[in-house]
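One structure is given here, and the rest of the page talks about it.
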Amino acid sequence: MKQNVYIIGLGLIGASLAIAIKKEHPAIHLTGWDFSEETRKIAQEKHIVDEIPESFENGAQQADVILLAVPIKTSLNYLRQLADLPLKQGVLVTDAGSTKQEIMALAETLPFDFIGGHPMAGSHKSGVLAANGDLFENAYFIFTIPEDEVVAKRVTELQTLFKGTRSKYVLLSSVEHDQITGMLSHFPHIIASGLVNQADVFNQIHPRAKQLAAGGFRDITRIASSDPQMWTDILLSNRESLIALIATWQQQMSEVSEWLSESNRERIFQFFENAKDTRDKLPIHSNGAIPAFYDLFVDVPDKPGAIAEIMSILAEAAISVINVKILETREDIVGVLQITFKTQQDLQEGQSWIEKRTNYPCRLK
Ligand code: NAD
């Protein structure tokens, strides 16, 4: 009999995983559920899933594998509901949530096998229309396995199921997962949003500042444009790690403030030097805890048609571009075209075409 995989939540992550599963395993019967009727309709019309059941419960009872791709708190509620349903013998339940301790702790108390999942790729877009089967290519896909060794071994079933994502699998304990993603993803989102909020108050006193924020400031706070609902859920689900990280940050900022009061040039220099050394050693374009942006910076001459020329070279080579921006107000680079590509491969090909057909210098940062 066909394996029946049931995806609850057909937004960016759920629908993208559905496409990746179908590509690798066309024989799998994909059933999908979402509380938005419009999303259910789109998912069916676009053949992202094979079937929309009559009700959430109906779909769950037919499933061999259940994947929760809804906001974190909603996943917890669904898990409790699943525990009250007559599910198939041997059903394997998993999720795609960005935090893992809370859900693993709940799942341990429930009467079905559960393995946590976190495909670490994303986009600023959300919803079913943003679905992309290549979203997870080369990204890390983390699994958090339970203590029960028999259930833990079932991770291979999920690794086979998600093969079409072409992601890199990593096994972590749920504690380690939340600490690492807390430091590298959740905490930076707090800082980025804090910077934007602080600048907003500042801009009311200095209206010209808003205009000047268009360049570098906009770039370093890019992740503050992420979905507020999702990030509220993530923060509340990883409170302990984040409270500890904020305390360390506050301590670090007090030190910087003290060095400034003392005009301590040496310590301030060391602060920046240490950060520069560390950052320069980070890999440029392998995917990490925050989705990578495949940016190419091209020095464009001040002549009519230069930007159109670059764009038509990329169009001729059938390379898609996510975003194009002219950087005018950056302090360090002037007259630069920033082109954001979808994948590392598109970036490399785009760069090579532009370099072959023009003499405009290109660089990656
Ligand atoms: P999304 O907003 O694109 O999709 C969520 C979907 O869930 C929507 O279609 C929504 O209609 C549906 N939904 C919400 N409440 C529901 C309910 N009660 N019943 C049924 N459907 C419901 O969000 P997303 O980016 O796909 O995020 C889904 C999960 O994936 C979240 O837990 C998030 O933490 C995790 N995740 C997100 C990213 C990212 O960057 N977007 C990356 C990795 C993991």
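In the context of the full protein assembly, Glu273 retains an accessible surface of approximately 90 Å², using a probe radius of 1.4 Å and ignoring ligands and nucleic acids. Distance between the C-alpha centres of segment 1-43 and segment 194-218: 41 Å, rounded to the whole angstrom. When both bridge partners sit in segment 114-216, DSSP labels roughly 50% of those beta bridges antiparallel. Semi-axes of the equivalent ellipsoid of segment 294-363 are 18, 14, 10 Å, computed as sqrt(5λ) over the eigenvalues of the C-alpha gyration tensor in descending order.
What net charge is computed for the residues neighbouring Trp259, neighbours being all others with C-beta under 12 Å from the C-beta of Trp259, Lys and Arg scored +1, Asp and Glu -1? Value of the local net charge: -2. Scanning residues 5 or more positions from Phe141 or on other chains, those with amide H under 5 Å from its amide H are Met120, Lys168, Tyr169, Val170, with H placed 1.01 Å from N in the peptide plane.
Among Ile191, Ile142, Ile220, the residue with the largest mean-square fluctuation in a Gaussian network model of the chain, with springs joining Cα atoms closer than 10 Å, is Ile220.
From most to least packed by mean Cβ count within 10 Å, the peptides 251-257, 115-121 give 115-121, 251-257. Semi-axes of the equivalent ellipsoid of segment 177-280 are 24, 22, 14 Å, computed as sqrt(5λ) over the eigenvalues of the C-alpha gyration tensor in descending order.
Dividing the summed -39500 (n - 2.57) terms of all DSSP H runs of n ≥ 4 by the residue count of the chain sets its mean residue ellipticity at 222 nm at -14000 deg cm²/dmol. Here is the tail figure for segment 176-228: Cα pairs spaced more than 18 Å apart come to 39 percent of all pairs.
In segment 4-172, inverting the average of 1/r over every pair of distinct C-alpha atoms gives 15.6 Å as the Kirkwood radius.
Applying the criteria of a DSSP loop state and at most 10 other Cβ atoms within 10 Å to the GluC sites (Glu not before Pro) of segment 147-219 yields Glu147.
Spin-label model, Leu171 to Ser36: label points 7 Å out along the Cα-to-beta-carbon direction sit 3.6 nm apart.
Spin-label pair Ala130-Leu184: with each label point 7 Å from Cα along the Cα-Cβ axis, the two points sit 2.1 nm from one another. Semi-axis lengths, largest first, of the ellipsoid equivalent to the chain are 40, 28, 18 Å, with √(5λ) applied to each eigenvalue of the Cα gyration tensor. Nearest 5 percent is fine: what portion of the DSSP beta bridges confined to segment 4-172 is antiparallel? Roughly 15 percent of the beta bridges in segment 4-172 run antiparallel, per DSSP.
Considering the chain as a Gaussian network with a 10 Å cut-off on Cα pairs, which listed residue, Ser193, Ser36, Ser173, attains the greatest mean-square fluctuation? Highest fluctuation among the options: Ser36. Loop-located chymotrypsin sites (Phe, Trp or Tyr not before Pro) in segment 1-107 (DSSP state other than H, G, I, E, B) with a sparse environment of at most 16 neighbouring Cβ atoms within 10 Å: Phe35. Solvent exposure of the chain, expressed per residue, is 55 Å² of accessible area, with all protein chains present and a 1.4 angstrom probe. Largest GNM mean-square fluctuation among Ala69, Ala308, Ala152, using the chain with Cα springs under 10 Å: Ala308. For the chain, the fraction of 1.4 Å probe accessible surface lying on carbon and sulfur atoms is 54 percent. Applying both filters, DSSP loop and at most 11 other Cβ atoms within 10 Å, to the trypsin sites (Lys or Arg not before Pro) of segment 1-106 gives Lys2. Among the helices of the chain, those built from whole DSSP H runs whose Cα atoms reach 27 Å or more along their own axis and whose mean Kyte-Doolittle hydropathy is at least 0.5 are 187-205.
Excluding Ile268 itself, what net charge comes from residues whose Cβ is under 12 Å from its Cβ, given Lys and Arg +1 and Asp and Glu -1? Net charge in that neighbourhood comes out at -3.
The values are calculated or read from the model by the stated rules, or taken from the named source; none is laboratory data. Here the structure is a predicted model, which is why all the values come from computation and not from measurement. For neighbour counting, all protein chains shown are included, and Cβ atoms are generated from backbone atoms with ideal geometry for every residue, glycine included. With ligands, DNA and RNA removed, areas are computed over all heavy atoms of the protein, side chains included. Shrake-Rupley method; radii C 1.70, N 1.55, O 1.52, S 1.80 Å.
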